[in-house]
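A.B. asks: The structure's right below; bear with me while I get my questions together.
The numbers here are math on the coordinates, done by the rules we state, and not lab data. In this text the structure is predicted, and so the values were computed from the model without any measurement. Using ideal geometry, Cβ is built from the backbone for each residue, glycine included, and neighbour counts are taken over all protein chains shown.
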């Protein structure tokens, strides 16, 4: 499973409420409560960013960061109630990307996380999407379903790519018009036709779509991993 943010904090209630808040505002998040749980989580899942507390019940966030830096360049934001300048210097020197002071409002924290996700890209491999069934190569502009090539028009490919790159985020029709057609005046009927053609190409059952879902009154949302 792919997540935008993994929260590692031994304050369980705080970690859970932060993850819940992030998910509410379109940042797919999960929470774990120790260094060992973080290691186990990353064996089975991917995350675009780590929000890491310094004080963990089974070790130090500093040590966990150094360990992870030997294997990955995933962005790491430290969050801590500790105010020492030395802690901030250590955090940045061992590979942390920023140091956030507790207490911090969830709104401010969410904004910071979104900035970092945008800077580093929404997924570990920004040139390609693959979940085992559907593969989209953004550079080569190719789509495969269960290993077999699928033919899409250039506009359909741009529309699918736009939805995937905003995975789990609801995109309004207006946003899609402006992003894909670069035109505010494209009609709903045109968009609906292209969505239907993409569904026919990639869904198991286009009548019951699993990837491209309609959010009535709002727009469309791409759900990865066949959720």
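A.B. asks: Could you calculate the contour length gain from residue 162 to residue 127, that is, 0.36 nm times the residue separation minus the distance between their Cα atoms, to one decimal place in nm?
C.D. replies: Length gained between residue 162 and residue 127: 11.3 nm.
A.B. asks: Quick one: work out the % antiparallel among DSSP beta bridges in the chain, nearest 5. Spell out each step's value before the answer.
C.D. replies: Numbers: 18 of 35 bridges.
About 50 percent, rounded to the nearest 5.
A.B. asks: Sticking with this one: Add -39500 (n - 2.57) for each DSSP H run of 4 or more in the chain, then divide by its residues: what number comes out at 222 nm, to the nearest 500 deg cm²/dmol?
C.D. replies: It lands at -11500 deg cm²/dmol.
A.B. asks: I want to check the label-to-label distance for residue 213 and residue 81. Put each point 7 Å from Cα in the C-beta direction and report it in nm to one decimal.
C.D. replies: Here the modelled spin labels are 3.7 nm apart.
A.B. asks: Given a Förster radius of 45 Å and the C-beta distance between residue 70 and residue 179 as r, what FRET efficiency does 1/(1 + (r/R0)^6) yield to the nearest 0.05?
C.D. replies: Step by step, r from the Cβ atoms, then E = 0.75.
A.B. asks: Output the 0 to 90 degree angle, nearest 10, between the alpha-carbon long axis of helix 154-165 and the longest principal axis computed from the alpha carbons of the chain.
C.D. replies: 20 degrees
A.B. asks: How big is region 5-106 along each principal axis, measuring the range of its Cα positions in Å and listing the largest first?
C.D. replies: 34, 30, 23
A.B. asks: Let me ask something else about it. Which of 220, 33, 21 comes first, and how do the rest follow, when ranked by fewest Cβ neighbours within 10 Å?
C.D. replies: Fewest-to-most ranking of 220, 33, 21: 21, 33, 220.
A.B. asks: Bin by bin, in steps of 5 Å, what percent of the Cα pairs in the chain do you find, going until the bin that has the longest distance?
C.D. replies: Calculated P(r), rounded to whole percents: 1, 6, 13, 17, 16, 13, 10, 9, 7, 4, 2, 0.
A.B. asks: Return one number: the angle in degrees, 0 to 90 and rounded to the nearest 10, between the long axis of the Cα atoms of helix 188-202 and the longest principal axis of the Cα atoms of the chain.
C.D. replies: Between the helix axis and the principal axis of the chain, the angle is about 80 degrees.
A.B. asks: Report, to the nearest 10°, how far helix 106-120 tilts away from the longest principal axis of the Cα atoms in the chain, using its own Cα long axis and a range of 0 to 90°.
C.D. replies: 70 degrees
A.B. asks: If R0 is 45 Å, what FRET efficiency do you get for residue 192 and residue 12 from their C-beta distance, rounded to 0.05?
C.D. replies: Here the calculated transfer efficiency is 0.50.
A.B. asks: Percent antiparallel among DSSP beta bridges with both residues in region 2-120, to the nearest 5?
C.D. replies: Details: 2 of 19 bridges.
Given both bridge residues lie in region 2-120, the antiparallel proportion sits at roughly 10 percent.
A.B. asks: Tell me the label-point distance for the pair residue 105, residue 1, using the 7 Å Cα-to-Cβ offset, in nm and rounded to one decimal.
C.D. replies: So the label points at residue 105 and residue 1 sit 3.0 nm apart.
A.B. asks: Something else: Using the basic label-point model (7 angstrom from Cα toward the beta carbon), what is the residue 93 to residue 115 distance in nanometres?
C.D. replies: The two pseudo-label positions are separated by 2.5 nm.
A.B. asks: Please order 153, 18, 72 by the number of other Cβ within 10 Å, starting at the fewest.
C.D. replies: So the residues, fewest neighbours to most, are 153, 72, 18.
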